[in-house]
Amino acid sequence: MDAKLFLLKSFIAVMFLTALLTGCGQNDRAMDFGALEESDFFYNENENLTKNSPDNKLCVYVCGAVKNPGVYELPENSRVNDALKAAGGLLPEGDEININLAKPLSDGERIYFPKVSEEGKIPQDDGLVDINHASVTQLCTLPGIGESRAGDIVAYRESNGPFKQKEDIMKVTGIKTSLFNKISDLITVK
């Protein structure tokens, strides 16, 4: 009987150890050391599964002359160029020449892409202000055009496309015939 009892105790011990090691009767998470849930991950734009931890991602705000301004999550070793790609690239008037595309990013950073500086880019030989390309600062040099009205002109052409003729500037709210007559000889459309 002692041999049968010994075998029975051995069998029970083996079953107990097997159950303990395989997690029988336990929830999977408790036995799977280091298990991660789906909420511990996020999908980046390439749909690669990346661990969602402050150690290997960063959030940056990309704004200015980019196609899709907004907040983007990028891998921790990302550069300004990666942020630009995430935002869909530059608008046609965007200026990447004055931005260091190789600069490493830091979490919480704001990256602003300016518009092309018109100085040196727009021919100034005739001395006229090209209302299709002039910056707010350049538009403010016109009589009767302040910063707010200049901003309205830029916003109008960004929403509606370039002016076809200089008289089209009167389509901008607040620019009436009397103001147009003051600036007519000082503006052009290129």
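No value in this document is a laboratory result; all are computed from the given coordinates. Being a predicted model, the structure only gives us computed values, none of them experimental. Every residue, glycine among them, receives a Cβ derived from its backbone with ideal geometry; neighbour counts consider all protein chains shown.
In this structure, the residue pairs whose Cα-Cα separation is over 30 Å, taken from 115/182; 85/171; 103/171; 115/164; 57/115; 67/171, are 85/171; 103/171. Cα convex hull, the range 129-188: 68 Å³ per residue, rounded to a whole number. With the simple spin-label model, which puts each label point 7 Å out from Cα in the Cβ direction, the residue 9 to residue 107 separation comes to 5.6 nm.
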